[in-house]
Amino acid sequence: MRWLTVLCSLLWGLAVSVAQAAPLWAPSADVSGALQSSVDARWQRYFAGGTLKNGTTSRELIALALDGLASHYDDARIAQSLTALASMQDRDPASRSYGNMLWYAGDTQITDRNGIEFVMRHATLLWLLYADRLTPAQRAPLQAMLELARTGITRHSVNISYTNIYLMKAWNLVALGRCLQDTALIAQGKTMLRDWLRYTARVGITEYLSPTYYGVDLDNLALLRNLAPDQDTRALAQAGLDAVWSDIALHWYAPAARLGGTHSRDYNRLFNVGDINALVARAGWFDSAGNTAPKTPYNAYAFAMPSANAVKWLSAPLPRFIESRWGEGPQQRLSHYLGKNLSIASAQANYYNMDTAPLAISLGSGQDVPVISYLMEGRRDYYGTQRIVEPGSGHLKSLHLRPFLASVQREREVLFAASGSNDSNFNSALESVLILPADASFWLDDQRLDLFTQTSQWRFEPAPDGQATQISIHREQAQNILRLRDQDGSKGLGVSRNFPVKAGERYRFSARLRGGEIALYLNFYDAAHQLIGSEHIERIKGGADFSTHDFEQRAPNGAVSVRAWLYSTIAGQTEIELAALDFVALDAQGGVARTLGRFDFAPFVAQSISIAAGQTLFVQREDVALALRPLGAWDTRNQAVNLQLINDGLANQAVRLTATHSTTPSTARGTFAMWVSAAEALHDARDFARFRAATLATRSQIAFDGKILDLSSASAHGKLHLQLDTARNLVLQSEGAASITDQSVRRVNGVEASFVPDIP
């Protein structure tokens, strides 16, 4: 066996020499110092007395080890991290998940088989970049993990439509092949990449317009473009980068600095932002003062600037109308009207249970303004703030129902319907919900509504669950008082607000409160929204009477924003009352130079306004307006019900339009149908009045016998029509818009705009 040991040593030595050929990221001294501080802070969070804490993820551990090596952090702690990580890998040859990786420390079985992919995309990078720095205590567990991952990754079956994991596996195979000097792995990864490009050229990107996973896709493709061992693979990766970047550019909604359109797998139901926002800022698509240089080795290699061809859509004329496929199914289609200050989009089917479909509308500017979207909800989690364990993965997510959907869109008009039932034990009701921005003006038919929409610029983070964690506002001695009550000990509760800052200036966060313990945070971020250094925390305790507590910090180099956060912490339980909350910039003498934020909470006025089928609700922001006409809503007994325009606290800067199909869990169906129309460039009240008049003149019809749903609208632009079999989830007729054909994958203003060129 001695010859085998010698051979393995020679092969691993060759791998080191090959790895050293990769261009080495060289951080500046201040970046390296900040990274080391970040690694140390993470170490303190993940380990207690040198023992890994349960709940720590394998992703977190490998990122700590990679960043630790890059910043010359403590060798023993890096070794301990790698050893702990190795213990989370399935080492049982008889196991179906042999070679795969636990997601959470403390788990006894692998529930999310993507764990090996998320760990290896960092682990292979660690070896390729820093193999020569590894101590024996670090090398042994890492080498064992990489060897075992050969089995774990090749056994991990990933459907080609599962875009982000499929591309991640392609990178991991190529990178692992480099680490292990296994040309078969490299060839397999290259084949996967080529197959995905051919598939995408034919049916589009199936995990379409995801604010989260387009970011992961770009990471994987950039790693391949930057570190693949051959020019052919790098060229294929560049074609993939062009496909994703061009789709982002095509749908980019500049007034709100976010991705427009309907989205698959959107983890931010209210604002539709995600990982791509940091990448877009780094690409310079919108003003972002400060340093956007990479802060970690992963960020350095998992990024590639978009090509000129990919970004051409940013300067293309507006408005434009986009039609696109996102899969092989006949209803896997989307439509998107993108104007200068309006984005209105629809999808003809669900992707999954955290998508934004069949409707997503942005009115006017502001990234912190909620997107108008429809969902069928079963947990009364109307704004997507209450996470539950996702079956099959074990992760906490905010999930909604997956009803049968249908839509037809022509430019700024959409006709859509949804019909579905509860499908999970988590559900307690059945409701159709449209989220609406609270800072808009509202009209019902031709009468303006007196809707209370006074909102605070501070946000509840984490938001209260209404039971163990509660937030309320009341009047006391002619002042408004905010009460925070956290009796859970595992969720946390707080209020936060982001402010622009200038590096080098000092800032003061003040709270006047009484009651229990609370923490003040001042966390500074760079232009890519990455935390600079560690969190700054001041723990305070109130008393029987109100007292003021101040917390001051200087903005570090590279800081462009700060999150001022009053937070009970996840492990804490407390009850406090807050009478003032101020954030100010200080002058050189410590005086107040300017006030950036004040306490602005007011007791809300609960409202519920009934809206009948056929009435039209108008929503106006800036120079754009939206008409929402519910054509019909039926409960689980097929009885017609009215909708309610509800102000339920404004905690999420939103109100909602809701149709209640059932107040209890039920396996019966609820059904909903609506017509939507929008207008832009409304310069004054007369323009808005003309839009209302034209809208109210539009005829609509609907018929529903409990099975067949037939709905239509006839405006000056023509007729839209849908006929659906809700019992069999079938679209019988769809008329009024030229649907994209099976021979076409994406069109802009009726002209074909392919995702990728022909791939040989």
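Read-outs: derived from the displayed coordinates by stated rules, not from any lab. Everything quoted here is computed from the prediction, not taken from an experiment. Backbone-built Cβ (ideal geometry, glycine too); neighbour counts: all protein chains shown.
Measuring r between the beta carbons of Arg133 and Leu730 and using R0 = 51 Å, the FRET efficiency lands at 0.25.
Taking a straight line from the alpha carbon of Lys707, these lysines sit under 25 Å away, with near neighbours fewer than eight places off in the same chain left out: Lys719.
For the chain, the dipole from Cβ point charges (+1 on Lys and Arg, -1 on Asp and Glu) about the Cα centre works out to 640 debye, to the nearest 20.
Charges were assigned to the Cβ only: +1 to each Lys and Arg, -1 to each Asp and Glu. The resulting dipole of the stretch 24-152 about its Cα centre is roughly 180 debye.
Distance between the pseudo-spin-label points of Ile473 and Lys312 (7 Å out from Cα toward the beta carbon): 5.0 nm.
Each of the peptides 579-586, 310-317 was scored by the mean count of other Cβ atoms within 10 Å over its residues; in descending order, highest first, they stand as 579-586, 310-317.
Which distance in Å, rounded to a whole number, links the C-alpha centroids of the stretch 145-185 and the stretch 370-391? That distance is 34 Å. Taking Lys and Arg as +1 and Asp and Glu as -1, the other residues whose beta-carbon sits under 13 Å from that of Gly492 total -2. Within the stretch 288-419, the proportion of C-alpha pairs whose separation exceeds 24 Å stands at 49%.
Taken along its principal axes, the alpha carbon cloud of the chain reaches lengths of 86, 71, 48 Å, longest axis first. Straight-line cross-link reach from Lys190 at under 16 Å between alpha-carbon atoms covers these lysines, not counting any fewer than eight positions away in the same chain: Lys169.
Note on Asp74 and Glu622: the extension gain reaches 191.9 nm, defined as 0.36 nm multiplied by sequence separation minus the Cα-Cα distance. Checking the cross-link pairs Lys340/Lys397; Lys53/Lys491; Lys53/Lys502 against a 28 Å limit on the alpha carbon distance flags Lys340/Lys397; Lys53/Lys502 as lying beyond it. Annotation for the stretch 25-72 versus the stretch 397-423: alpha-carbon center distance of 43 Å. Checking every one of the chymotrypsin sites (Phe, Trp or Tyr not before Pro) in the stretch 336-425 against DSSP loop status and a limit of 15 other Cβ atoms within 10 Å picks out Tyr352. Residues of the stretch 316-353 with amide nitrogen under 18 Å from the 7 Å Cα-to-Cβ point of Ala681? Of the residues in the stretch 316-353, 316-322, 337-344 have backbone N under 18 Å from the label point off Ala681. Calculated FRET efficiency, Glu517 and Val592, Cβ-Cβ r, R0 35 Å, to nearest 0.05? Rounded to the nearest 0.05, the efficiency is 0.85. Near the amide H of Ile532, within less than 5 Å, lie the amide hydrogens of Phe524, Tyr525, Asp526, all on another chain or at least 5 residues away, with H placed in the peptide plane.
Neighbours of Ala26 by Cβ distance under 14 Å: Lys/Arg scored +1, Asp/Glu scored -1, total +1. Shown in residue order for the stretch 455-467 are the 3J(HN,Hα) couplings computed by the Karplus curve 6.51 cos²θ - 1.76 cosθ + 1.60 at θ = phi - 60°: 10, 7, 7, 7, 10, 7, 8, x, 6, x, 8, x, 10 Hz (x for Gly and Pro). Ordering Tyr567, Gly515, Ala478 by Cα displacement along the dipole of the stretch 459-597 toward the positive end leaves Ala478 in first place; charges were set at the Cβ atoms of Lys, Arg (+1) and Asp, Glu (-1). The label point for Lys397 and the one for Ile708, both projected 7 Å from the Cα toward the Cβ, are 3.7 nm apart. The order of Met305, Met354, Met376, going from fewest to most other C-beta atoms within 10 Å of their C-beta, is Met305, Met354, Met376. For the pair Ser534 and Thr663, label points projected 7 Å from Cα toward Cβ lie 5.2 nm apart. Per the Kirkwood formula applied to alpha carbons, the stretch 459-597 shows a radius of gyration over Rh ratio, Rg over Rh, of 0.98. Size descriptors for the stretch 11-301, from the alpha-carbon set: Rg then Dmax equal 18.7, 55 Å. One Cα centroid belongs to the stretch 311-361, the other to the stretch 224-297; the line between them spans 17 Å.
Couplings 3J(HN,Hα) of the stretch 507-517, computed from phi: 9, 10, 10, 10, 9, 9, 8, 9, x, x, 8 Hz, in residue order, whole Hz [Karplus 6.51 cos²θ - 1.76 cosθ + 1.60, θ = phi - 60°; x for Gly and Pro].
Summarising the amide proton neighbourhood of Ser210: residues at separation of 5 or more, or on other chains, whose placed amide H is nearer than 5 Å comprise Ser264.
When only the Cβ of Lys, Arg, Asp and Glu is charged (+1, +1, -1, -1), the dipole of the stretch 66-115 relative to its Cα centre reaches about 180 debye.
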